[in-house]
Amino acid sequence: MLRIGICDDSGEARIALRAALERALDRRQSEGSFFEFSSGEGLLRWLANHAGELDLVFLDLEMGDLGGMETAKRLRAMDESLQMAFVTGYTDGVFDGYSVGALGYLLKPPRAEQLDSVLDRAAEALCRESDSVFICRSGDTLYRIPKKSILYFVSDRRQVTCVSTGREYVFYGKLDSVAQDAGPGFVRIHQRYLVRAAAVERVEGGQVFLGGEALPVSRAHRANALTALARAALEE
């Protein structure tokens, strides 16, 4: 399911774009969930508390105090992998979108072939980035977390917390499965802890230090953990 944001200060425009996107998804035999925002400021506030919960966002260029282009620049600073497309009633400024990696521009009202093209490109981009993000689910919410923002995972029975530089994500799972999904850049240092090797600042006295925290290295994992961390440091 593609998670799509629509940001436009016109309620009628949001309704029209959502209807057009629903038809486009039907043509692809795909499903989508939609999140609507009436301003760039509102979208940015929401995303600050819901990082990794959008795949694609359509931005109106001509909004109130914070226009679509400035909103896009701030979104890109918050989430490097978020896919974006612009919706506009004008053709001016088309080339500006390349600075934020926009998928394209849609002239209002959007044509079916334009939407199909943007959705195809978004799907391709999300597929390409699959190795650089960790995906987990908590209830009905799917999180897409850039691996380079992750500090560590900690397990408490069946509950796993992913601690990143921006926020924490809690989901159910086993740390063994998380380690497999996260990939070789992550090192098991304890029965309860899995750390991103590149985030480790130092190893000292049976602990690793990262992100202002000290995590224990267990005796059972010590030899393998130290070897893996040393190898990661040499490969940086």
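The values are calculated or read from the model by the stated rules, or taken from the named source; none is laboratory data. Given the structure is predicted, the values throughout are model-derived calculations rather than measurements. Note that each Cβ is placed from the backbone with ideal geometry, even for glycine, and that neighbours are counted across all protein chains shown. With ligands, DNA and RNA removed, areas are computed over all heavy atoms of the protein, side chains included. Shrake-Rupley method; radii C 1.70, N 1.55, O 1.52, S 1.80 Å.
Is it the case that some residue within segment 143-151 is surrounded by 12 or more Cβ atoms within 10 Å (Cβ to Cβ), within 19 Å of LEU226 (Cα to Cα) and of a type in the set (Phe, Trp, Tyr)?
No, that holds for no residue.
Conditions tested, residue by residue: (1) over 21 Å from TYR105 (Cα atoms); (2) in contact with a Gly (Cβ under 7 Å, 6 or more places away or on another chain); (3) among the β-branched types (Val, Ile, Thr).
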position: LEU21; (1), (2), (3): no, yes, no
position: LEU25; (1), (2), (3): no, yes, no
position: GLY42; (1), (2), (3): yes, no, no
position: ARG45; (1), (2), (3): yes, no, no
position: ASN49; (1), (2), (3): yes, no, no
position: LEU54; (1), (2), (3): no, yes, no
position: GLY64; (1), (2), (3): no, no, no
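Yes or no: SER155 buried (at least 20 other Cβ atoms within 10 Å of the Cβ) and more than 11 Å from the chain's Cα centre (by Cα)?
Answer is no for this residue.
Could you list, in sequence order, the residues of segment 22-32 that are in contact with a helix residue (DSSP H, G or I) (Cβ under 6 Å, 6 or more places away or on another chain) and either in a helix (DSSP H, G or I) or among the aromatic types (Phe, Trp, Tyr) (or both)?
ALA24
Residues that are among the acidic types (Asp, Glu) and in a strand (DSSP E or B): does segment 62-77 have at least one?
no
Among the strands (runs of 3 or more DSSP E) contained in segment 128-236, which hold 1 or more residues that are touching a Phe, Trp or Tyr at 6+ places or on another chain (Cβ under 9 Å) and free of Cβ contacts under 8 Å to residues at least 60 places away in the same chain?
The strands (runs of 3 or more DSSP E) meeting that bar are 133-138, 150-156, 159-164, 168-172, 186-188, 193-196, 202-204, 207-210, 213-216.
Scan segment 33-47 residue by residue and report those that are under 15 Å from SER10 (Cβ atoms), hydrophobic (A, V, I, L, M, F, W, C) and either open to solvent by 30 Å² or more (accessible area, probe 1.4 Å) or in a helix (DSSP H, G or I) (or both).
Residue satisfying the conditions is LEU43 alone.
If the requirement is being under 24 Å from ALA220 (Cα atoms) and polar (S, T, N, Q), which of these qualifies: THR161, THR141?
Only one candidate passes the filter, namely THR161.
Taking only pairs six or more apart or across chains, which ones have beta-carbon atoms under 6 Å, a first residue in segment 21-37 that is farther than 11 Å from ALA112 by Cα, and a second residue that is part of a helix (DSSP H, G or I) and open to solvent by 30 Å² or more (accessible area, probe 1.4 Å)?
Once the first residue is farther than 11 Å from ALA112 by Cα and sits in segment 21-37, its partners that are part of a helix (DSSP H, G or I) and open to solvent by 30 Å² or more (accessible area, probe 1.4 Å) give PHE34/ARG18; GLU36/ARG14.
Quick one: in segment 1-22, which of the residues that are more than 17 Å from LEU43 (Cα to Cα) and under 18 Å from the mean Cα position of the chain (by Cα) is least open to solvent (accessible area, probe 1.4 Å)?
Looking at the filtered set, the residue picked out is LEU2.
For SER177, indicate whether it is open to solvent by less than 50 Å² (accessible area, probe 1.4 Å) and more than 13 Å from TYR152 (Cα to Cα).
no
Is there a residue in segment 91-112 that is at pLDDT 90 or above, exposed (fewer than 15 other Cβ atoms within 10 Å of the Cβ), out of contact with any strand residue (DSSP E or B) (no Cβ under 9 Å at 6 or more places or on another chain) and among the small types (Gly, Ala, Ser)?
Checked against the condition, which is being at pLDDT 90 or above, exposed (fewer than 15 other Cβ atoms within 10 Å of the Cβ), out of contact with any strand residue (DSSP E or B) (no Cβ under 9 Å at 6 or more places or on another chain) and among the small types (Gly, Ala, Ser), segment 91-112 yields at least one hit.
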